[in-house]
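Just below is one structure, and these are the notes that go with it.
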Amino acid sequence: MKICCIGAGYVGGPTMAVIAHKCPHIKVTAVDIDAERIAAWNSDNLPIFEPGLKEIVEQVRGKNLFYSTDVDSGIREADIIFVSVPTPTKTYGIGNGRAADLKYVERCARHIAKAAQSDKIIVEKSTVPVRTADVIKRILDESDTSVNFQVLSNPEFLAEGTGIHDLENPDRVLIGGEETEAGQKAVQTVASIYAQWIPRDKILTTNLWSSELSKLVANAFLAQRISSINSISALCEATGADVGEVAMAIGKDSRIGPKFLQSSVGFGGSCFQKDILNLVYLCEAFGLSEVAEYWLKVVSMNDYQKSRFSRCIVNKLFNTVSDKRIAIFGFAFKKDTNDTRESPGIYVCRDLLEEQANLAIYDPKVPSEQILSDLNGNLDSDGKYGDASIEIAEDAYAAAEGAHAIAVLTEWDEFSGLDYERIYLSMRKPSFIFDGRNLLDLAKLRQIGFDVYGIGKSLPAL
Ligand code: NAD
Ligand code: UGA
């Protein structure tokens, strides 16, 4: 059996590596139009940082795993083609700011229609609006070849930072297909790949539309939990309750459960916001305005949380951060990834730059060019950014040196193990820490002499 995946990004790259690793009898090729990305996949410096990924790629690359820019050959050779291309929020025209932009998916369908010379199973791996499989099928069926196509939905549920673990031990795999005999046969073919390492009872099969919709709904529910606990964090700060204690107390209720109740500076990542906006757009399109409004609140609560954090920094620093040095600990949207898409760090840093702060940013995995491009950096040669400035620091100590405040924006493990006495001595006084991830021991930091702020914590006066 031969598999091809169109799109070697955060999903396609690791997913294909794990399939190749678990199924040595299958030839797996991930193809991409981004030649630089493919070159990186074929080098020692992979384009994606994900714990455990490099080890797997090194074991199977060149044996039964290949990364290539030759999309035509990838399509022609394969029996099964996964489509794992971006489905970002549209930034133009009808549905601007809400709808999913399906141009990449459609381009893939047209490319497959043109290049395919034998029957294929096409698997939607990208997250798509309900009934996208119809669009793909229409395009494929219009092609003038005599080739037969089956279109399946197999959304991906991995989270970045734990992607390899999630792919190796998923809670479930979901495969949706047409209820015809050929459709069900295709579902079983794809299920048999996952069954090489995943128990059969975790491989769920549904109709196409349930599968497509379940992916959007899973992300909406997860994001909703974060917005819910973040809304309560504001109330905790106003009342003297502690959001960590509240999360612990409610999470013990087995009906609620403890996961995804970590209050934070806000959720980021390429998917939660876009997938909720996609859901909102779908609801609006079907005239369900109350349902749309309900889910939109999850996004607006997240925007509120991010700007609440920036406002708190300005407010505590005596209502001005102009010309003050602020150390930013972490820029990735969560730990253990180099991905910054929709990172709350981008929004908080932009707010502080707007207030004319001088930022010293340190992240263990995000390249400096990425940080500067995310902040739309038109830096002068002396590092100035209008009335503000950005410096990319080589470690947390360098970032904090001479700073008025530290803002922890990503929960990298290394930030909890730093020598905060040393950091305190190197900073301006009074020295502030704003912990946007509730990662640090605020009581200890207070003993050292810091002024501390944690999300959803209202600390008693000293
Ligand atoms: P990504 O941007 O990292 O990767 C997509 C890749 O597709 C890019 O490398 C791009 O060059 C390539 N591409 C685009 N058009 C192409 C074409 N016509 N031919 C060949 N290659 C093409 O995106 P991602 O994070 O991997 O997300 C892909 C999809 O998976 C999205 O729909 C996303 O919602 C979904 N998803 C993402 C995650 C995640 O953790 N990132 C998790 C679950 C689902
Ligand atoms: C999320 C989902 O968890 C995956 O199941 C899904 O496949 C993926 O989106 C997707 O469709 O792209 P991901 O965004 O990679 O995965 O990472 P998460 O662990 O979900 O974190 C998302 C954001 O929420 C991060 O900024 C994280 O810091 C934040 N978060 C998470 C919290 O603020 N509190 C929590 O309790 C959990």
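Here, each number is a calculation from the coordinates, and none is a lab measurement. In this text the structure is predicted, and so the values were computed from the model without any measurement. No Cβ is skipped: glycine too gets one built from the backbone with ideal geometry, and neighbour counts run over all protein chains shown.
Contact order for segment 56-152, expressed relative to its length and based on alpha carbon pairs under 8 Å spaced 6+ residues apart, stands at 28 percent. For Val173, the residues whose amide H sits under 5 Å from its own are Ile203, Leu204, ignoring neighbours fewer than 5 places away on the same chain, with H placed 1.01 Å from N.
Assuming charge only on the beta carbon of Lys and Arg (+1) and of Asp and Glu (-1), the dipole of segment 283-362 about its Cα centre is about 440 debye to the nearest 20. For segment 203-213, putting each phi into the Karplus relation 6.51 cos²θ - 1.76 cosθ + 1.60 with θ = phi - 60° gives couplings of 9, 9, 10, 9, 6, 4, 6, 5, 5, 4, 5 Hz, in residue order, rounded to whole numbers and with x for Gly and Pro. Number of Lys-Lys pairs in segment 78-222 with C-alpha atoms under 20 Å apart and a separation of 8 or more places or on different chains: 18.
Using the average count of surrounding beta-carbon atoms within 10 Å as a protection proxy, the listed peptides 174-187, 417-430 rank, highest first, as 174-187, 417-430. Rounded to the nearest whole Hz, the Karplus-based 3J(HN,Hα) values (6.51 cos²θ - 1.76 cosθ + 1.60, θ = phi - 60°) of segment 153-163 follow the sequence 10, 9, x, 9, 10, 5, 10, 5, x, 10, x, with x at glycine and proline.
Take the residue pairs Lys324/Lys429; Lys306/Lys457; Lys316/Lys365 and return only those whose Cα atoms are more than 19 Å apart.
Working: Lys324/Lys429 12 Å; Lys306/Lys457 16 Å; Lys316/Lys365 29 Å.
Going by Cα-Cα distance, Lys316/Lys365 fall outside the 19 Å limit.
With θ taken as phi - 60° and the Karplus curve 6.51 cos²θ - 1.76 cosθ + 1.60 applied, the whole-hertz 3J(HN,Hα) list for segment 69-81 is 9, 7, 5, 4, 5, x, 5, 4, 6, 7, 8, 10, 10 Hz, x standing for glycine and proline. Basic side chains Lys and Arg get +1 at the Cβ, acidic Asp and Glu get -1 at the Cβ, and with that the dipole of the chain about its Cα centre reaches some 700 debye. Working note: 222 nm ellipticity from helices only, DSSP H runs with n ≥ 4, each -39,500 (n - 2.57), summed and divided by the residues of the chain, gives -13000 deg cm²/dmol to the nearest 500. DSSP beta bridges fully contained in segment 1-136 are about 5 percent antiparallel.
Only the Cβ atoms of Lys and Arg (+1) and of Asp and Glu (-1) were treated as charged; on that basis the dipole of segment 59-211 about its Cα centre amounts to roughly 260 debye. Placing unit charges on each Cβ (+1 for Lys and Arg, -1 for Asp and Glu) gives the chain a dipole about its Cα centre, and among Phe260, Ser210, Gly345 the Cα reaching farthest toward its positive end belongs to Ser210. As a proxy for reagent exposure, Cys312, Cys5 were ordered by neighbouring Cβ count within 10 angstrom, fewest first; the result is Cys312, Cys5.
Which far-off residues, 5 or more places away or on another chain, put their amide H under 5 Å from the one on Ala30, with H placed in the peptide plane? It is Cys5, Phe66, Tyr67, Ser68, by chain and number. Here's how it looks for Ile328: its modeled amide H is under 5 Å from those of Ala360, Ile361, Tyr362, Ala407, which are all 5 or more places away or on a different chain. If you sort the three axes of the alpha carbon gyration tensor as a ≥ b ≥ c, you get a/c of 1.5 or more for the chain and a/b above b/c, which makes it prolate. Structural descriptor for segment 37-111: relative contact order 20 percent, calculated from alpha carbon pairs under 8 angstrom and at least 6 residues apart. Taking the C-alpha atoms only, the angle from helix 272-285 to the longest principal axis of the chain is near 60 degrees.
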